[in-house]
Each structure stands twice: as C-alpha cells, then as structure tokens.
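Working notes, beginning with the structure itself.
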Amino acid sequence: MQTANVNLPITITVRHEQVTDALREHAQKKIESLHLDYPRIIEAKVILDVQKNRHIAEIILFCANHITIDAHTEGKDMYVALDETIEKIARRMRKHKTRLLKKNRPHRNPTIRHLEERYFTEDVLDHPEDSEIDPEPFIVYPDNYSIRTMFKEDAIMQLELSDRPFVLYKSARRHCLTIVYRRKDGEYSAMDIKE
C-alpha cells in the first residue's frame with residue numbers, strides 16, 4: 001500500500017505574485033501528505049492566484065486509471081486556502097476509493113447470480129434422466145492470462161481494480177506461484193500453488 005507520494009512531480013504556478021520558498025514547501029508537503037492508496041497520484045499541479053484581497057488556490061491531481069481530481073478554494077490567506085483545497089482533494093480521493101470498494105463488494109445474500117453457469121454439448125440430451133453418467137461441461141470462453149512477478153499488496157490492488165475473481169502471480173518474496181482471491185465474507189485469501 002502507498003504510504004507517501006515519493007518523488008511526485010509537482011508543478012507550482014503563482015499568478016500576480018512572487019512565489020516564496022515557504023509557500024512552495026508548504027504546498028509540496030501538503031500534496032505529499034495525501035497518502036491514500038487509491039487512486040495513485042501520477043502528477044500534481046498547483047495554481048495559486050492573488051486578485052486584490054482574494055487568494056485562490058487550485059490543485060489538479062492526475063491519477064492512475066485516467067482519474068483527474070481537482071478542487072479550488074478562495075480565502076483571505078493563501079495558506080488557509082491551500083489547506084482547505086487539500087481537504088477537498090482528500091475527500092474526493094476517499095470518495096473514489098469508496099466507490100471502488102462498493103463496486104467490488106460481494107453480495108450478502110446468495111442469489112441466482114452466484115450460481116455456477118455450465119454449458120453442455122448436445123449429446124447430453126441422449127442420456128436418460130435416471131442415468132448415473134454426469135455430463136462433462138465444455139469450455140465456452142478460453143482466456144489467456146499472463147503471470148507477472150509482484151508482491152501480495154500489488155496483487156490485491158490489481159484484484160480491486162479488475163473484475164476478475166482472482167489474480168495469479170509469481171510472488172516476488174517467495175518466488176512461487178500464488179493465487180489471491182476474494183472470499184465470500186469480503187476478505188482476501190492467498191494460496192501458494194505447488195509445482
């Protein structure tokens with residue numbers, strides 16, 4: 001999980017005033033303190049504008065998965081406007097993460113949507129109902145799956161971002177095949193596959 005935005009490219013633009021080192025450091029510390037693990041920040045732009053007695057702070061975050069989050073605040077002091085804008089950005093980032101988690105949350109009550117879908121060939125119809133032969137299903141949709149080397153935390157994040165029921169990867173720590181899947185209670189489980 002991402003705990004800090006390390007080496008984040010931050011562009012600070014100041015209009016109608018000279019930027020001070022203290023203001024630049026304050027803006028960088030505030031943006032780097034956004035340590036939420038989703039959405040991952042790729043680039044940040046800060047626009048500070050001074051118009052008579054109005055100080056306007058605008059922040060635009062370019063995040064992974066084509067997510068752009070922006071907010072602006074107007075105040076009498078630039079530091080206060082910057083702090084309020086950061087609070088708005090953090091709320092919007094939490095909103096994106098909540099939407100993602102709600103979308104991938106398993107349903108509480110088992111319904112027909114969770115039944116395993118099986119397809120059979122036509123020769124199954126030739127068997128009488130009292131026959132003890134259990135027909136074999138055939139594969140309807142074959143899927144190619146590339147196995148990457150990654151850590152368990154990265155595999156869980158990839159599972160959250162995709163609609164796949166599992167992620168199969170080669171563990172970067174133990175160097176073995178591992179599968180991560182979501183259990184019915186919503187928690188994650190990892191299992192090593194013996195070769």
Answer residue from the stretch 35-69, given it is out of contact with any helix residue (DSSP H, G or I) (no Cβ under 8 Å at 6 or more places or on another chain) and charged (D, E, K, R) and is farthest from VAL19 (Cα to Cα) among those: GLU43
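Let's see how each residue does on (1) assigned to a loop (DSSP other than H, G, I, E, B); (2) modelled with pLDDT of 75 or more; (3) among the β-branched types (Val, Ile, Thr); (4) not assigned by TED's automatic domain parsing to the domain that holds THR98:
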position: GLU129; (1), (2), (3), (4): yes, no, no, yes
position: PHE138; (1), (2), (3), (4): yes, no, no, yes
position: ASN144; (1), (2), (3), (4): yes, no, no, yes
position: ILE147; (1), (2), (3), (4): yes, yes, yes, yes
position: MET157; (1), (2), (3), (4): no, yes, no, yes
position: VAL167; (1), (2), (3), (4): no, yes, yes, yes
position: THR178; (1), (2), (3), (4): no, yes, yes, yes
position: GLY186; (1), (2), (3), (4): yes, yes, no, yes
Residue among ILE42, ILE59 that alone is aliphatic (A, V, I, L, M) and at pLDDT below 90: ILE42
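The values are calculated or read from the model by the stated rules, or taken from the named source; none is laboratory data. Source: prediction; values computed, not measured. A quick note on method: Cβ atoms are made from the backbone with ideal geometry, for glycine too, and the neighbour counts reach across all protein chains shown.
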